[in-house]
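Here's the structure, in structure tokens; my notes come after.
The values are calculated or read from the model by the stated rules, or taken from the named source; none is laboratory data. Everything quoted here is computed from the prediction, not taken from an experiment. Neighbour counts run over all protein chains shown; Cβ positions are idealised from the backbone, glycine included. Note: accessible area is taken over every heavy atom of the protein model, side chains too, but ligands, DNA and RNA are not part of it. Shrake-Rupley method; radii C 1.70, N 1.55, O 1.52, S 1.80 Å.
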Amino acid sequence: MHEKGAVRKDPGGRLNIALVFPNTYFVGMSNLGVHAMYRAFNDHLGIVCERFFSDYSRSVESARPISDFHIIAFSVSYELDWINAARILSDAKIPILASERRACLL
């Protein structure tokens, strides 16, 4: 997908953050919070942040899978979107419960 204003950085040597809006791209792009966090993360030289939506199983910027990222951050605006958040993790084979995930030190 080619968007105006998308940030594309080399992920090597940087903290990689997956910013997930657990709803469709159309709904997520209407959310100012997602835009603010995306810009704030990517303004930092040591961070690369890429976006995920419920209708995209890979990142919008580079088509990388969510499992490639060090941190998965969710921006949730509606209670029912927690169901989509759980589904996104499950589809990526990432345990939903934090206690079932292994810690990964950078």
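One line per residue, one yes/no per condition, for (1) at pLDDT 90 or above; (2) under 24 Å from ARG101 (Cβ atoms); (3) assigned to a loop (DSSP other than H, G, I, E, B):
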| residue | (1), (2), (3) |
| --- | --- |
| GLY5 | no, no, yes |
| ASP10 | no, no, yes |
| ASN23 | yes, yes, yes |
| MET37 | yes, yes, no |
| ILE88 | yes, yes, no |
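Residues in the stretch 43-62 that are part of a loop (DSSP other than H, G, I, E, B), under 15 Å from THR24 (Cα atoms) and among the hydroxyl-bearing types (Ser, Thr, Tyr): SER54, SER57, SER59.
Pairs are defined by a Cβ separation below 8 Å, a sequence spacing of at least 6 or placement on different chains, a first member in the stretch 86-98 that is in contact (Cβ under 8 Å) with a residue 12 or more places away in the chain, and a second member that is open to solvent by 70 Å² or more (accessible area, probe 1.4 Å) and not in a loop (DSSP other than H, G, I, E, B); the pairs so defined are ALA92/SER67; LYS93/SER67; ILE94/SER67.
Summed over the stretch 26-44, the residues that are open to solvent by 50 Å² or more (accessible area, probe 1.4 Å) and under 14 Å from the mean Cα position of the chain (by Cα) give a count of 6.
In the stretch 66-81, of all residues being open to solvent by less than 70 Å² (accessible area, probe 1.4 Å), part of a loop (DSSP other than H, G, I, E, B) and hydrophobic (A, V, I, L, M, F, W, C), the one that is modelled with the lowest pLDDT corresponds to VAL76.
For the stretch 45-65, the set of residues classified as polar (S, T, N, Q) and open to solvent by less than 20 Å² (accessible area, probe 1.4 Å) consists of SER59 only.
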